[in-house]
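The values are calculated or read from the model by the stated rules, or taken from the named source; none is laboratory data. Computed from a prediction, not measured in an experiment: that's the story for all the values here. As a convention, Cβ positions derive from the backbone with ideal geometry for all residues, glycine included, and neighbour counts pool all protein chains shown. Side chains are part of the model used for accessible areas, which takes the heavy atoms of the whole protein and leaves out ligands, DNA and RNA. Shrake-Rupley method; radii C 1.70, N 1.55, O 1.52, S 1.80 Å.
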Amino acid sequence: MAYSIKEIFATLQGEGAHSGRAAVFCRFTGCNLWSGLESHRAQADCTFCDTDFVGMDGVNGGRLTDTENLARVISQVWDETGAGHAQRYVVFTGGEPLLQLDPDLIDAMHRAQFEIAIESNGTIRAPDGIDWICISPKPGPETIQTFGDELKLIFPQENMDPARFSGWAFRHFFLQPMDGPHYEKHLAETIAYCQTHPQWRLSLQTHKLIGIP
Ligand SMILES: C[S@@+](CC[C@H](N)C(=O)[O-])C[C@H]1O[C@@H](n2cnc3c(N)ncnc32)[C@H](O)[C@@H]1O
Ligand SMILES: Nc1nc2[nH]cc(C(=O)O)c2c(=O)[nH]1
Ligand code: SF4
Ligand SMILES: [Mg+2]
């Protein structure tokens, strides 16, 4: 299997239940809900994306044809932080990571003693073996991955009442204010919703607040 990688970098997980945890992010190119081109955004299934996942031009980006090679690069990026061997954590994101993450790569990362997390839109069934599944449903195509570790709904979205998801099989339920031109309004609405619906907790994109990737 060959992988198209936008970038691989070390940072702290900024969002959700693992906020603040040291991690290597492996961002795949491409998404099934948006081409990534601004000219297509308005017509896309997902219109508010804050991420550049087009091309392979980021740090450590490129086309990797060998699974072991990709696992080695991710390990190297971790090792370069000086963090040592305990609590190794990789977050596969994108774009949509489940277009490319396969059982071989999951096995290779486990052999390298990483815990494996994904950030996914939930439209593709996750393969077995992922240690932390974060699903962020979008309007349009049906969400089929309706169980996992955390559900992180971007709020507010039209026709996406959180109540629709509150019975799904997740351990954590987060609302994350939609970033963009109306962020302040979205933040206030998210706070108000969490205040009155205690099942849901606020997830802030803390990496943006402190200026790390
Ligand atoms: C860029 S996406 C990549 C992973 C996957 N495609 C997904 O949507 O979950 C990573 C996370 O950022 C969230 N996100 C994207 N754009 C956002 C925005 N404008 N404001 C807040 N969160 C956003 C997504 O919902 C998702 O939880
Ligand atoms: N620090 C940091 N945390 C994140 N959590 C999810 C991210 C993503 O883009 O998937 C992300 C990201 O891009 N940076
Ligand atoms: S599904 Fe995820 S990567 Fe794709 S456009 Fe939406 S937020 Fe961005
Ligand atoms: Mg991001």
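Dipole magnitude for the chain: about 300 debye, using +1 per Lys or Arg Cβ and -1 per Asp or Glu Cβ, origin at the Cα centre. Accessible surface for the chain, divided over its residues, is 47 Å² per residue with a 1.4 Å probe.
Compared with the direct C-alpha span, the chain from ARG21 to THR81 gains 20.3 nm at full extension, assuming 0.36 nm per residue.
Of the residues ALA126, GLY94, ALA83, the one whose Cα sits farthest towards the positive end of the charge dipole of the chain is ALA83 (charges of +1 on Lys and Arg Cβ, -1 on Asp and Glu Cβ, taken about the Cα centre). For the listed peptides 124-130, 207-213, 144-150, a ranking on the average number of other beta carbons within 10 Å per residue, highest first, reads 144-150, 124-130, 207-213.
Carbon and sulfur: what percent of the chain's accessible surface (1.4 Å probe)? Walk me through the numbers before you get to the answer.
Details: 5250 of 10100 Å².
Accessible surface attributable to carbon and sulfur in the chain totals 52 percent.
Across the chain, the relative contact order, built from alpha-carbon pairs under 8 Å that are at least six residues apart, equals 19 percent.
Taking LYS185 as the anchor, which lysines have their alpha carbon closer than 30 Å to its alpha carbon, excluding any fewer than eight residues away along the same chain? Partners found: LYS138, LYS152, LYS208. Note on segment 112-213: with charges restricted to the Cβ of Lys and Arg (+1) and Asp and Glu (-1), its dipole about the Cα centre is near 140 debye.
What translational diffusion coefficient, in µm²/s and rounded to a whole number, does the Stokes-Einstein relation yield for the chain at 10 °C and a viscosity of 1.306 mPa s, taking the hydrodynamic radius as the Kirkwood radius over Cα pairs? After rounding, the answer is 90 µm²/s. Here r is the Cβ-Cβ distance between THR65 and ASP161 and R0 is 30 Å; the resulting FRET efficiency, rounded to 0.05, is 0.10.
How many angstrom lie between the C-alpha centres of segment 148-203 and segment 13-52? Cα centroid of segment 148-203 versus Cα centroid of segment 13-52: 17 Å apart. Remark: the HIS110-GLU38 segment gains 22.3 nm on full extension, using 0.36 nm per residue and subtracting the alpha carbon distance.
Protection proxy ranking of 111-119, 37-45, 154-162, by the mean of other Cβ atoms within 10 Å over each peptide's residues and highest first, is 111-119, 154-162, 37-45. The length gained by stretching the chain between ASP131 and LEU12 to full extension, at 0.36 nm per residue less their Cα-Cα distance, is 41.1 nm.
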